[in-house]
Amino acid sequence: MIDKKPPFFSLIVPAYNEQEVLPVSHKRLSRILGICQSDKLISGYEIVYVDDGSKDGTLTVLRKIFAEDDHVRIIELRRNFGLQGALSAGLSCAKGDVAVTIDADLQDPPEKIPEMVQRYLEGFDLVLGVRIDRSTDTPFKRITAQMYYKLLKCLGVNVVEQHGDFRLMARPLIDEYNNLHERNRFMRALILELDDHYAVVTYKREARTLGESKFNFSKMLSFSIDGVVSFTYAPLRFVSILGLLMCLLALAGIGWIIYCKIWGIVIPGWTSTVLPIFIFSGIQTLILGLVGEYIGRLYTEAKQRPLFSIRHEERH
Ligand code: UDP
Ligand code: MG
């Protein structure tokens, strides 16, 4: 059922301190998109680089690329808004009938783009890149990622395992995404809330050859908490049930103490008094923290701060 015309194509590339990577990546990207165009798979294309408040020479490198290539656009953000902010900025500016988001380091191979466009032409508005082989990632990243996807599924969050941010979206879906109001964006799950009729393109994740990962442990942790808390109330439910069980336990304890008093049994040393205080205050603190996570989310949503802010845009 190929009845769609070759689309005008936007490639969105977020870049945060990627000066080493960009010249090499740009060559590879423009070669592939050039082939797509001459094969009439796409009618034309733009490459939208989003500079996510880089501190190194990323912007200078991008300006050089811009000067040499008419297909390039640069979106310069006012500060570092994080990957999800940069992707959102790119999607809000994209002119294409379809847009693909891809990491600047090209660990997700752009050679898969033609296959993604094919799936679009076959009628899919959403095409997800799925990593079937992550042997190039560190064991720590691989294992934590795997456990995390499992946890999300367990909690009832709809995610596609091993799908990151390499995906194709068609114009109607892009428009819907741009109209969303929420601030906490965990795109890989959010996008499935908009459309769960999708195609999958599989690939082997490559190693990063230049520069280093921009996701340190704390960034990864906060990203992971976002994924859970923005999409499911399951932890709150779990905590309520736990709270209820603890109350029942306390009631049983009171009953036991009364029983002991009546029958004149000597209550053993202070351990039995102090230990529960420690345990319960620990659990209570945990619960308070968890409730705080949700309140924090409500707070950021209530403020309605901009998801990104563009300083300047360069286009031909
Ligand atoms: N990135 C970004 N803003 C950030 C962190 C990362 O735009 O605050 C971009 C980065 O430049 C890259 C992509 O997000 O294009 C993925 O980052 P990276 O390759 O460091 O992540 P990893 O592959 O290690 O998960
Ligand atoms: Mg990477």
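Coordinate-derived values only; no laboratory data. None of the values given here were measured: they were computed from a predicted structure. Cβ coordinates were reconstructed from backbone atoms using ideal geometry, including for glycine residues, and neighbour counts include every protein chain displayed.
Return Arg205, Arg79, Arg297 ranked ascending by Cβ neighbour count within 10 Å, so the fewest neighbours appear first.
Ascending Cβ contact count within 10 Å gives the list Arg79, Arg297, Arg205.
Quote to one decimal, in nm, the extra length available between Glu314 and Ile262 on full extension: 0.36 nm per residue of separation minus the C-alpha distance between them.
Working it through step by step, the gained length comes to 10.4 nm.
Taking a quarter of the surface of the convex hull around the Cα atoms of region 127-255, what do you get in nm²?
11.0 nm²
As I understand it, the dipole of region 70-203 uses +1 on the Cβ of Lys and Arg and -1 on the Cβ of Asp and Glu, about the Cα centre. Which of Phe81, Ala94, Gln118 lies farthest toward its positive end?
Positive-most Cα among the choices belongs to Phe81.
Given that compact globular proteins tend to follow 2.2 N^0.38 Å, what is the ratio of the alpha-carbon Rg of region 25-67 to that value?
Scaled against compact globular proteins, the figure is 1.39.
For the residues Trp256, Trp263, what sequence is obtained by ranking on other C-beta atoms within 10 Å, fewest first?
Ranked by crowding around the Cβ, least crowded first: Trp263, Trp256.
Taking the Cα atoms only, what angle lies between the long axis of helix 271-303 and the longest principal axis of the chain, rounded to 10 degrees?
Value to nearest ten degrees: 30.
Could you give me the radius of gyration and the Dmax of region 147-222, taking only the C-alpha atoms into account and expressing both in angstrom?
14.4, 37
Over region 201-316, what number does the Rg to Rh ratio reach, with both radii from the alpha-carbon atoms and Rh per Kirkwood?
1.25
With bins 5 Å wide starting at 0, give me the P(r) of region 231-299 over every alpha carbon pair, in whole percents.
Pairs per bin, as whole percents: 3, 13, 18, 20, 14, 10, 8, 6, 4, 2, 1.
How big is region 71-194 on each of its three principal axes, counting only the C-alpha atoms and giving the largest first in Å?
38, 32, 27
Write down the radius of gyration of region 1-160 and its Dmax, each obtained from C-alpha positions, in Å.
When restricted to the Cα atoms of region 1-160, Rg and Dmax are 16.7, 49 Å.
More than 17 Å apart: what percent of Cα pairs in region 1-90 qualify?
50 percent
Mind checking which lysines have their Cα closer than 30 Å to the Cα of Lys5? Skip sequence neighbours fewer than 8 apart in that chain.
Candidates past the 8-residue exclusion: Lys27, Lys40, Lys95, Lys112, Lys204.
Grab the DSSP H runs of the chain that are 4 residues or longer, score each as -39,500 (n - 2.57), total them, divide by all residues and round the 222 nm result to the nearest 500 deg cm²/dmol.
Here the helix-only value at 222 nm equals -16500 deg cm²/dmol.
Report P(r) for the chain: all Cα-Cα distances, bin width 10 Å, range 0 to the bin holding the largest distance, values in whole percent.
5, 23, 29, 19, 9, 6, 5, 3, 1, 0
Restricting attention to region 78-187, which GluC sites (Glu not before Pro) occupy a DSSP loop and are surrounded by at most 14 other Cβ atoms within 10 Å?
Values: sites: Glu111, Glu115, Glu122, Glu161, Glu176, Glu182; in loops: Glu122, Glu161, Glu182.
Passing both the DSSP loop test and the Cβ count: Glu122, Glu161, Glu182.
Can you tell me the Rg and Dmax of region 44-90, counting just the alpha carbons, in angstroms?
Radius of gyration, then largest Cα-Cα span, for region 44-90: 10.8, 32 Å.
Among the chymotrypsin sites (Phe, Trp or Tyr not before Pro) in region 1-78, which ones are in a DSSP loop with at most 15 other Cβ atoms within 10 Å of the Cβ? Mind listing them?
Here no loop site has a sparse enough neighbourhood.
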